[in-house]
């Protein structure tokens with residue numbers, strides 16, 4: 001009987017707080033942002049072909065993730081003066097990646113670079129985790 005009472009009290013408490021939890025904690029709902037820049041997402045196979053061709057890769061991970069391994073030759077992009085790291089030729093192919101499909105840092109970086117007028121920006125959703133899991137080589141600082 002005691003367990004049933006605890007269950008009823010707990011269920012009642014959950015119902016009491018459920019609306020706030022389901023509706024953004026009581027905040028007013030707002031529309032999700034719409035991005036005008038459509039990303040050119042590439043597969044691991046495409047990424048490897050571009051890497052072999054010498055296309056610049058930009059790693060948008062944190063320094064901690066970077067030190068665990070990065071695509072050989074990739075440029076660490078998570079710095080204040082990141083614009084200085086970009087090629088002068090805005091039509092040059094460039095690739096951005098971060099940790100994995102759950103990480104959005106490379107998507108945000110790619111969109112920012114596209115806003116600057118770069119025309120051939122690619123984004124590798126599988127990130128460094130996908131690169132490593134597929135057995136491709138990595139480099140460490």
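Observations
- Spacing of the two label points (7 Å from each Cα toward its C-beta) at residue 64 and residue 116, in nm: 2.7 nm
- In nm, spacing of pseudo-spin labels at residue 45 and residue 84 (7 Å Cα→C-beta vector): 4.0 nm
- Over the stretch 40-133, all Cα pairs binned in 10 Å intervals from 0 give whole-percent P(r) values of 18, 57, 25, 1, listed from short to long.
Every number here is computed from the coordinates shown, using simple stated rules; none is lab data. What you see is a predicted model, and the numbers here were worked out from it, not measured in a lab. No Cβ is skipped: glycine too gets one built from the backbone with ideal geometry, and neighbour counts run over all protein chains shown.
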